[in-house]
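Each remark here refers to the structure printed beneath this line.
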Amino acid sequence: MTADHRHDLPRMAAACGERTGLVYVCNPNNPTGTIVTRDDLGPFLGRVPKTALVLVDEAYHHFVEDARYASAFEWVGKIPNLLVVRTFSKIYGLAGMRLGYGVGTLETIEAMRRHRIWSNTNASVLEAALASLEDAGHVPRYRRAINETRRWLCAELDKDGRAHIPSEANFVMIDVGSDVEPVIGALRERHLLVGRKFPSLPTWLRVSIGTPEEMKTFLAGLRAVLPRLEIRTA
Ligand SMILES: Cc1ncc(COP(=O)(O)O)c(C=O)c1O
């Protein structure tokens with residue numbers, strides 16, 4: 001990752017060799033919420049050896065507003081070793097239904113088909129996915145609501161002088177300044193459930209964006225918990 005928490009695509013491409021099997025790019029990235037830009041992704045896709053599969057995970061695609069972002073869909077058909085995946089778990093709120101899809105060349109899809117289990121989804125899940133796709137207003141409505149709430153939360157964090165990573169997803173990473181584990185525990189005591197600790201970012205708390213009321217409650221909890229922890233460790 002770069003210092004500003006984005007995929008370091010030039011370094012990733014340089015690290016590829018003939019033994020590389022899979023290159024994974026999460027865009028926007030979980031857990032940082034950062035994006036790789038269209039201008040960076042295109043040359044990268046051209047640089048990865050064709051013997052390696054490039055998996056671009058666009059689980060959080062629908063939340064992005066940054067104009068520099070582009071879905072990797074535009075390179076499908078041009079870059080043969082590219083597979084783009086999406087899920088119904090995020091913007092469509094169907095987490096737990098385990099439904100997603102991949103878009104790639106016929107060869108890639110055929111290679112994956114060999115590993116498919118015969119019952120890989122069920123009728124109710126497919127029905128829910130179709131209903132989601134038919135609700136044309138859902139994506140822009142939900143994107144706006146989540147992004148407005150995230151911007152509000154980030155503005156409040158700025159007032160507190162608390163660092164956060166600029167996010168294009170439905171969560172944000174907040175620097176709590178010390179090991180995040182006790183903070184997660186203290187929030188849980190207040191019935192506030194946040195993301196787990198990510199070992200490579202041990203002082204960062206990942207919180208998913210909910211309703212404005214939920215985020216107000218979260219912020220009040222965070223403000224209550226952080227000074228308390230600082231006093232305890234002083
Ligand atoms: C980057 C990313 N991809 C995929 C998924 C999960 O998708 P699914 O629920 O379809 O397995 C998640 C969920 O946390 C995710 O963060």
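The values are calculated or read from the model by the stated rules, or taken from the named source; none is laboratory data. Since this is a predicted model, take the numbers as computed values, not measurements. Note that each Cβ is placed from the backbone with ideal geometry, even for glycine, and that neighbours are counted across all protein chains shown. Surface areas here come from the heavy atoms of the whole protein model, side chains and all, with no ligands, DNA or RNA. Shrake-Rupley method; radii C 1.70, N 1.55, O 1.52, S 1.80 Å.
Key figures
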read-out: Sparsely packed GluC sites (Glu not before Pro) within segment 35-111, loop by DSSP, other Cβ within 10 Å at most 15; value: Glu65
read-out: Set of lysines with alpha-carbon distance to Lys216 below 28 Å, sequence-local pairs under 8 removed; value: Lys90, Lys159, Lys197
read-out: Table column - 3J(HN,Hα) (Hz), segment 13-25, Karplus curve with 6.51, -1.76, 1.60, x for Gly and Pro; value: 5, 5, 7, 6, x, 6, 8, 6, x, 9, 10, 10, 10
read-out: Karplus (6.51, -1.76, 1.60) ³J(HN,Hα), θ = phi - 60°, over segment 67-82, in Hz, Gly and Pro reported as x; value: 5, 7, 7, 9, 5, 6, 3, 5, 9, 5, x, 9, 10, x, 9, 9
read-out: The chain - accessible surface per residue (Å², probe 1.4 Å); value: 55
read-out: Candidate lysines for bridging to Lys78, where Cα separation is under 21 Å - those fewer than 8 sequence places away on the same chain excluded; value: Lys50
read-out: Apportionment of accessible area to carbon and sulfur, segment 138-233, percent (1.4 Å); value: 55
read-out: Largest-first principal axis extents, alpha carbons of segment 94-194, Å; value: 51, 33, 29
read-out: For peptides 156-163, 174-181, sequence by mean Cβ density within 10 Å, most packed first; value: 174-181, 156-163
read-out: Sequence-distant residues sharing a close amide H with Leu205 (under 5 Å, placed H); value: Ile174, Asp175, Val176
read-out: Solvent-accessible area, 1.4 Å probe, carbon plus sulfur percent, for segment 9-134; value: 55
read-out: Derived scalar couplings ³J(HN,Hα) [segment 203-218; Karplus, 6.51 cos²θ - 1.76 cosθ + 1.60; whole Hz; x for Gly, Pro]; value: 9, 9, 9, 9, 10, 7, 8, x, 6, x, 5, 4, 6, 5, 5, 4
